[in-house]
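Have a look at the structure below, then the notes.
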Amino acid sequence: MVCRATICRLGWLQRKQGTPCRKVSTVSLSSTDRAELTTSQSKSQAALAWRASVGSATFGPHNVDPPLVRHSSLVICEASSRAEILNDEFGAEERAYSNSAKPCYGCGALLQMKLPDKAGYVVPEKFKLKRHHRQLGTVLCSRCDKLNNGAMLNAVAGQAGAPMNAKGLVSPDELRDNLRPLRSKKALVVLVVDTLDFNGSFMPRVRDLVGSNPILLVCTKYDMLPKGTDPLDVIGWIEDRASGRNLSLAGVLLLSGQTGEGIERAVGTVLSERRGRDVYVLGVANVGKSTFISAFMREMKQRDMGVRAAARRLPTASAMPGTTLGVIPISAFGNTKSKLWDTPGVLIHHRLSALLKEDELKQLSPWRKLRPFVPAPLPEDGTGASYQWGAVMRVDVMEAPQNFRLAFIGPQSARVHTFPGPPSDDALPLPEVGTEGALGAATVAERGGLEVAREITLEATGAANVPLADIVLSGLGGWVTVFATQDRSEASVVRLRVWAPRGLEVFLRPPMPVAWNVRV
């Protein structure tokens with residue numbers, strides 16, 4: 001029984017010995033098929049293969065030269081069954097066609113069916129069927145499917161304990177190279193920053209990537225700041241931090257990709273500022289770009305019915321850094337040529353999220369509003385103390401006035417342990433792996449524990465309960481705020497020593513203006 005026709009590329013007829021074509025005709029090649037033909041065989045080889053396989057077949061009006069060579073045509077052959085279609089078109093010997101020019105719509109990796117442990121992998125049966133029906137654009141790779149179900153699968157070299165030369169993983173340079181063409185384009189750039197890790201998640205050298213394009217600064221996880229925090233105060237603080245970076249700011253927005261708080265204003269700002277241009281969403285790894293895009297598209301569906309089809313297939317959002325591996329276009333603006341582009345997150349090696357293993361990364365995400373923790377006051381004899389935060393940070397108080405306080409604001413998975421008395425020059429014991437509040441214990445222990453990362457000296461000034469500065473461990477999603485009121489009877493100097501895992505950066509910044517719901 002004769003089934004539907006199938007498209008047979010150059011060379012397939014030659015391999016199908018003993019299976020004559022009942023009908024031959026010609027159709028125009030697409031640019032993708034033409035590229036595959038020219039890379040697989042030279043023109044002379046194509047001509048020989050055509051004549052040897054087809055013989056005396058009639059070609060129609062263009063019978064001087066083989067249609068596959070001069071007229072970029074395909075041969076359409078009738079197959080005897082659906083199984084024969086799949087076997088002929090996607091046999092094991094078809095290695096040249098195992099990789100697809102189509103990316104996974106979830107992560108941007110090219111779809112393939114050869115390497116199960118690599119991003120973009122699709123089981124062969126599904127790959128063959130979708131390619132036959134020209135539906136690869138609707139396929140989600142196996143890795144994205146697992147990420148959507150809570151798995152933590154790394155695909156980037158140099159993070160989650162993977163070496164930089166690991167096979168099958170994408171290098172950080174490859175991810176950043178995806179962004180280089182943006183400098184020469186006319187676009188609106190949405191730069192996503194984690195409010196809880198502002199210093200660590202602010203993309204370095206962003207001006208080198210975006211050129212003179214305007215930047216809309218979107219700060220996520222605002223809803224996790226302590227209850228009662230004034231958003232206008234936070235926006236002013238962010239504008240001050242960004243003013244020295246030589247950026248063409250189009251605005252600063254606070255929002256939550258999870259709850260949707262602030263997303264309506266963000267969509268309105270993007271629509272008014274883009275002015276017909278494409279919109280590129282940039283940020284470091286695991287900052288919440290894909291989560292922002294999902295919230296953005298939910299709001300756009302309410303505004304434009306034409307966006308609903310594009311909103312069915314959105315980039316994958318997960319807690320795993322490096323989820324997005326390629327540039328993904330999204331038709332977010334209705335019947336216009338402009339696109340919304342999701343981009344790979346830039347890997348920053350000095351962040352904690354690049355250091356922790358897959359099973360530890362989920363602990364970085366807060367599940368409720370952050371609440372400051374203020375340890376007990378220092379001993380009256382002024383001998384100092386040491387405070388160890390989970391397994392990732394330690395603060396030694398070398399010298400401080402009696403009214404000195406520290407307030408720890410960060411993920412619930414990191415508990416503060418106090419060691420009163422003069423700080424030791426040796427490493428303190430790390431909390432046991434698996435115990436409550438022992439964030440990063442396994443990874444830090446494997447890397448040799450904590451080491452001195454920075455020594456800080458501050459002068460206590462101002463009134464009581466007014467913060468002096470914030471101490472930030474890059475990638476932690478939290479910070480330590482220093483309080484110290486000037487003592488009239490003695491010089492009010494604060495000397496601190498900060499320990500961190502090797503390679504992570506410690507920042508000192510002006511205090512973020514959050515609400516203090518505890519007595520300090």
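Using Cα pairs under 8 angstrom and six or more residues apart, how large is the relative contact order of the range 368-413, in percent? All intermediate terms of the calculation are to be shown ahead of the outcome.
Numbers: 54 pairs, mean separation 23.0, N = 46.
With pairs under 8 Å counted, the relative contact order is 50 percent.
Could you list the trypsin sites (Lys or Arg not before Pro) in the range 313-417 that lie in coil according to DSSP, counting only those with at most 11 other Cβ atoms within 10 Å of their Cβ? Intermediate values should be presented prior to the final figure.
Working: sites: Arg313, Lys337, Lys339, Arg351, Lys357, Lys362, Arg368, Lys369, Arg394, Arg405, Arg415; in loops: Arg313, Lys337, Lys339, Arg351, Lys357, Arg368, Lys369, Arg415.
Filter output for the range 313-417: Lys337, Arg368.
At 10 °C and 1.306 mPa s, what whole-number value in µm²/s does Stokes-Einstein give for the translational diffusion of the range 140-248, with Rh from the Kirkwood sum over Cα pairs? Could you put the intermediate results ahead of the total?
Details: Rh = 16.8 Å.
It comes out at roughly 95 µm²/s.
Taking 0.36 nm per residue of separation and subtracting the Cα-Cα distance, what length does fully extending Asp145 through Glu436 add? Numbers along the way, then the final one.
Numbers: separation 291, 0.36 × 291 = 104.76 nm, distance 3.02 nm.
Here the answer is 101.7 nm.
To the nearest whole percent, what portion of all C-alpha pairs in the range 224-270 is separated by more than 14 angstrom?
On the way: 641 of 1081 pairs.
The proportion of pairs with Cα distances above 14 Å equals 59 percent.
Calculate, for the range 205-309, the solvent-accessible area per residue in square angstrom, rolling a 1.4 angstrom probe over the heavy atoms of the protein chains.
43
Find the all-direction average of the projected area of the Cα convex hull for the range 187-249, expressing the result in square nanometres with one decimal place.
On the way: hull surface 16.9 nm².
Result: 4.2 nm².
Between Lys369 and Thr461, what is the label-to-label distance in nm when each label sits 7 Å out along the Cα-to-Cβ direction?
3.2
Do the alpha carbons of any pairs in Lys102/Lys186; Lys289/Lys369; Lys227/Lys357; Lys102/Lys289; Lys186/Lys289 sit beyond 29 Å of each other, and which pairs?
Details: Lys102/Lys186 25 Å; Lys289/Lys369 21 Å; Lys227/Lys357 31 Å; Lys102/Lys289 22 Å; Lys186/Lys289 20 Å.
Where the Cα-Cα span goes over 29 Å, the pairs concerned are Lys227/Lys357.
Eigenvalues of the Cα gyration tensor times 5, then square-rooted: what semi-axes does that give for the range 195-342, in whole angstrom, largest first?
Sorted largest first and rounded, they come to 24, 18, 16 Å.
Positive end of the charge dipole of the range 285-391 (Lys, Arg +1 and Asp, Glu -1 on Cβ, about the Cα centre): tell me which of His349, Ser338, Leu364 has its Cα farthest that way.
With unit charges placed on the Cβ atoms, the residue in question is Ser338.
Beta carbons within 10 angstrom, averaged per residue: use that to sort the peptides 282-293, 223-234, highest first. Don't skip to the answer; put the middle values down first.
Working: 282-293: 25.2, 223-234: 15.6.
In decreasing order of mean packing, 282-293, 223-234 become 282-293, 223-234.
How do the peptides 209-215, 179-185, 340-346 rank, highest first, by the average count of neighbouring beta carbon atoms within 10 Å per residue?
On the way: 209-215: 17.6, 179-185: 13.9, 340-346: 25.1.
Peptide ranking by packing, descending: 340-346, 209-215, 179-185.
Normalising by the residue count of the range 94-163, find the relative contact order in percent from Cα pairs under 8 Å and 6+ residues apart. Each step should come with its number before you reach the end.
On the way: 83 pairs, mean separation 17.2, N = 70.
Contact order relative to length: 25 percent.
Hey, what's the Kirkwood Rh for the range 286-371 if you take every pair of different alpha carbons, in angstrom?
Values: mean 1/r = 0.0686 Å⁻¹.
It is 14.6 Å.
When the scattering of the range 391-517 is computed by the Debye formula from its Cα atoms alone, each counted once and equally, what is log10 I(q)/I(0) at q = 0.15, 0.20 Å⁻¹?
Normalising to I(0) and taking log10 leaves -0.72, -1.22.
With label points built 7 Å along Cα→Cβ from the Cα atoms of Arg265 and Arg502, find their separation and express it in nm.
It works out to 4.6 nm between the two label points.
Amide H of Ile471 versus every other amide H placed in the peptide plane: which residues, excluding those fewer than 5 positions away on the same chain, fall under 5 Å?
HN-HN under 5 Å from Ile471: Val480, Thr481, Val482.
After finding the eigenvalues of the alpha carbon gyration tensor for the range 107-198, what semi-axes result from the square roots of 5 times each, listed largest first in whole Å?
Values: eigenvalues 143, 76, 43 Å².
Those come to 27, 19, 15 Å.
Using a 10 Å cut-off on Cβ atoms, rank the peptides 424-430, 273-279 from the highest mean neighbour count down. If you can, show how the numbers build up before the last one.
On the way: 424-430: 12.1, 273-279: 16.3.
Result, highest mean first: 273-279, 424-430.
Restricting attention to the alpha-carbon atoms of the range 274-417, what are Rg (one decimal) and Dmax (integer), both in Å?
Computed over the Cα atoms of the range 274-417, radius of gyration and Dmax are 21.9, 72 Å.
The values are calculated or read from the model by the stated rules, or taken from the named source; none is laboratory data. Note that the structure is a prediction, hence the values are computed from the model and not measured. Here Cβ is always computed from backbone atoms with ideal geometry, including for glycine, and neighbour counts include all displayed protein chains. Side chains are part of the model used for accessible areas, which takes the heavy atoms of the whole protein and leaves out ligands, DNA and RNA. Shrake-Rupley method; radii C 1.70, N 1.55, O 1.52, S 1.80 Å.
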